[in-house]
1. Given q = 0.13, 0.22, 0.26, 0.27 Å⁻¹, what are the Debye log10 I(q)/I(0) values for region 2-73, with equal point scatterers placed on the Cα positions and solvent ignored?
2. With the crude spin-label approximation of a point 7 Å out along Cα→Cβ, what separation in nm comes out for residue 109 versus residue 7?
3. Over the chain, what relative contact order in percent results from Cα pairs under 8 Å that are six or more residues apart?
4. Taking the DSSP beta bridges in region 2-73 as the whole, what percent of them are antiparallel, to the nearest 5?
5. Rounded to the nearest 5, what % of the DSSP beta bridges within the chain are antiparallel ones?
6. Between residue 27 and residue 168, with labels modelled 7 Å along Cα→Cβ, what's the label distance in nm to one decimal, could you check?
7. Translational diffusion coefficient, Stokes-Einstein: compute it for region 18-169 using the Kirkwood radius over C-alpha pairs as Rh, at 25 °C and 0.890 mPa s, and state it as an integer in µm² s⁻¹.
8. If the convex hull of the alpha-carbon atoms of region 85-192 is projected onto planes in all directions, what is the mean projected area in square nanometres?
């Protein structure tokens, strides 16, 4: 198998964390989605990462589809969804909403002046999505709904992914809330291979 990836995408990180937790060890093949890398284009017409190319050449795009494939093909490994899949997926959706807003902001900043976009109604709404999404994740971590006990579920991995990506791309942004419970959760899992080996850089 081959995982076409880059070093900063939170979608790549979520897929990599899921692969590691399910016992699939793949050294990523680094590609540049912005450079129209022919390896990525051949596997994925959208030229997006992550794209997982299976042993038989079948390409799987999108992090959640990779997770779905892992759950379907590795039922003996601990589940990323647990016994209450609906709740885990609901919490994962909150984290992915934050990630989507953050990534779309970064992409638009690449093709326009950052202040021009950030001050538009869409830019303001994206910031609000990040702030309110993280407030909800913080409440989940505070209540114990997001927990570090046992193998981390997809919601915990996505929450850590969102937190680290915001720290990476929006360092010390004044509009982000304080997130002590989320930071404690991330700290508890910081040395776990899936978390440690996939940090954005």
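1. -0.31, -0.90, -1.26, -1.35
2. It is 1.9 nm.
3. Working: 257 pairs, mean separation 49.4, N = 201.
Normalised by residue count, the contact order of the chain is 25 percent.
4. Values: 6 of 8 bridges.
Percentage antiparallel, nearest 5: 75.
5. Details: 6 of 8 bridges.
Around 75 percent antiparallel, to the nearest 5.
6. 2.0
7. Working: Rh = 17.2 Å.
The calculation lands on 143 µm²/s.
8. 6.9
Throughout, read-outs are computed from the coordinates displayed, never taken from laboratory work. Predicted model, so just to flag it, every value in this text is computed and none were measured. Cβ sites come from the backbone with ideal geometry, for glycine too, and all protein chains shown count toward neighbours.
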